Amino acid sequence: MFEVYIHVPFCLRRCGYCDFNTYTATDLGAGASRGNYANMVIREMKLTKQWQLDHGIAEPPVSTVFFGGGTPTILAARDLVAMLDAIRKIWSIAPDAEITTEANPDTVNEYYINELAAGGFTRVSFGMQSAVPHVLKTLDRTHTPANVAAGVNAANKAGLRSSVDLIYGAPGESLDDWRTSVTTAIDLGVNHISAYALTVEPTTKMGRQIAAGTLPKPNDDDEAAKYEIADDLFAAAGLEWYEVSNWARPGYESQHNLGYWRNVDWAGLGPGAHSHYNAVTEADHPQLASLTAPAGGGCPADAGLGVVSVSHGLRSWDIAHPRLWGTAINENRVPWADSETITPEENLEELIMLGLRLHEGLDLDRINRAINDAGMSSTPQTLRTVSVDQLAPMISEGLITVSDNHRVVPTRRGRLLNDSVIEQFFDFVGV
């Protein structure tokens with residue numbers, strides 16, 4: 001599979017809890033402005049495609065496209081459609097592809113959503129966060145619950161699927177507040193809901209307020225209680241958890257996000273976006289070993305960054321500041337800030353971390369193959385494996401279950417203690 005992610009770094013205002021790579025200025029220089037942004041991203045697509053061709057990467061038609069941010073819908077709908085059309089021309093798009101944009105409820109209306117539907121979008125993810133006014137105020141969100149409902153209704157009329165995102169654990173949010181948000185989201189009739197625990201970074205406005213004592217710090221026990229409330233209410237409404245923070249009716253899971261958790265290939269476009277490739281090798285392209293990134297970041301359109309080894313994967317990330325990102329594109333350079341190899345051992349770690357977040361579970365047979373691919377056998381003649389018997393302590397603690405086909409699935413307790421589950425599994429594997 002091959003996915004495309006497009007990061008739109010513009011916002012009307014910066015929310016107090018947000019530490020994403022976003023900006024409120026309309027023009028950040030070097031062509032990276034709201035009005036010209038689609039043109040710049042399309043140019044990056046062409047540079048990226050050329051890089052893939054030069055390094056023997058033949059991707060299948062794009063299976064999912066996701067516009068995230070920032071606020072993608074701060075751009076004109078025709079700009080989002082233009083970028084989607086460019087993906088179709090440059091890579092081609094699978095007939096059943098999922099095409100999603102995130103949307104701030106303040107920035108869309110029926111006409112905007114109709115234009116997205118006509119342009120090939122299939123799904124809108126609304127940033128709801130809460131249905132309680134004082135919680136929205138604490139989060140610095142300006143929309144109202146009525147705006148969210150209007151957006152969902154417009155998407156339904158246009159034939160688009162809808163999802164809503166919620167955040168729990170905001171300072172001052174009671175358990176009853178959270179129940180109100182969850183039930184309001186369910187009552188919208190959407191088939192997909194994401195619910196994330198608030199993470200406070202010290203450099204954000206909220207982080208500074210908490211450090212100064214003007215807002216209380218989020219509480220782990222409170223967040224765990226809210227997770228259980230959400231899980232119960234979603235399940236009662238027919239929404240099944242399929243990833244630790246995501247619930248959907250069967251068949252309505254976010255295919256794009258599942259691609260991330262299944263470790264597929266994707267191209268990330270836009271300032272700060274990450275890309276991931278599973279198979280870029282020196283064996284096919286010995287020139288990769290000697291190439292280095294130009295000073296100031298960015299990669300020539302016909303070159304790699306010199307970090308890829310035999311059988312290793314590649315992770316890269318775009319220059320974060322839009323002006324420097326735009327400068328690299330204007331110089332016909334793939335605008336990577338840097339990249340790194342994904343060694344077999346690192347790939348094993350990622351398979352474990354990602355698989356233990358999913359309802360479909362971690363494939364124990366695949367992990368045992370990855371252990372030996374990473375050269376972690378005790379001797380060349382002995383295959384090292386993780387057995388179901390070794391996992392018995394985690395099973396008895398109620399953290400995981402193991403299916404007959406050797407799928408390791410976290411229980412609700414295991415989801416709440418996901419970091420601990422992953423660390424214990426690392427210990428079994430020896431990474």
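Being out of contact with any Leu (no Cβ under 8 Å at 6 or more places or on another chain) and surrounded by fewer than 22 Cβ atoms within 10 Å (Cβ to Cβ) is the requirement here; does Gly31 meet it?
Working: out of contact with any Leu (no Cβ under 8 Å at 6 or more places or on another chain): yes; surrounded by fewer than 22 Cβ atoms within 10 Å (Cβ to Cβ): yes.
It is true that Gly31 is out of contact with any Leu (no Cβ under 8 Å at 6 or more places or on another chain) and surrounded by fewer than 22 Cβ atoms within 10 Å (Cβ to Cβ).
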**Asked** How many of the residues in region 35-58 are part of a loop (DSSP other than H, G, I, E, B) and either at pLDDT 95 or above or touching a Leu at 6+ places or on another chain (Cβ under 6 Å) (or both)?
**Response** 2
**Prompt:** Which members of region 192-226 meet the condition of being open to solvent by less than 40 Å² (accessible area, probe 1.4 Å), modelled with pLDDT of 95 or more and not β-branched (Val, Ile, Thr)?
**Reply:** His192, Ser194, Ala195, Glu223, Ala224, Ala225, Lys226
**Extreme residue, most open to solvent (accessible area, probe 1.4 Å), among residues of region 131-166 that are free of Cβ contacts under 8 Å to residues at least 40 places away in the same chain and closer than 22 Å to Asp232 by Cβ** = Pro145
**Prompt:** Hey, among Asn332, Asn368, Asn405, which residue is open to solvent by 30 Å² or more (accessible area, probe 1.4 Å), out of contact with any Cys (no Cβ under 6 Å at 6 or more places or on another chain) and more than 30 Å from Met45 (Cα to Cα)?
**Reply:** Asn405
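I'm trying to understand the selection: among the residues of region 319-337, which are assigned to a helix (DSSP H, G or I) and of a type outside the set (S, T, N, Q)?
Within region 319-337, the subset assigned to a helix (DSSP H, G or I) is 322-330.
Selection gives Pro322, Arg323, Leu324, Trp325, Gly326, Ala328, Ile329.
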**Request:** Check region 337-344 and report whether any residue there is in contact with a Phe, Trp or Tyr (Cβ under 9 Å, 6 or more places away or on another chain), buried (at least 17 other Cβ atoms within 10 Å of the Cβ) and over 18 Å from Val264 (Cα atoms).
**Result:** yes
**Item:** Subset of region 393-418 [farther than 18 Å from Asp231 by Cα, of a type outside the set (Asp, Glu) and outside any strand (DSSP E or B)]
**Value:** Pro393, Met394, Ile395, Ser396, Ser403, Asn405, His406
**Request:** Take the residues in region 59-85 that are at pLDDT 95 or above and part of a strand (DSSP E or B), then tell me which one is surrounded by the most Cβ atoms within 10 Å (Cβ to Cβ).
**Result:** Phe67
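The values are calculated or read from the model by the stated rules, or taken from the named source; none is laboratory data. Just so you know, these numbers come straight off a predicted model, no measurement behind them. Note that each Cβ is placed from the backbone with ideal geometry, even for glycine, and that neighbours are counted across all protein chains shown. The accessibility values were calculated without ligands, DNA or RNA, using every heavy atom of the protein model including side chains. Shrake-Rupley method; radii C 1.70, N 1.55, O 1.52, S 1.80 Å.
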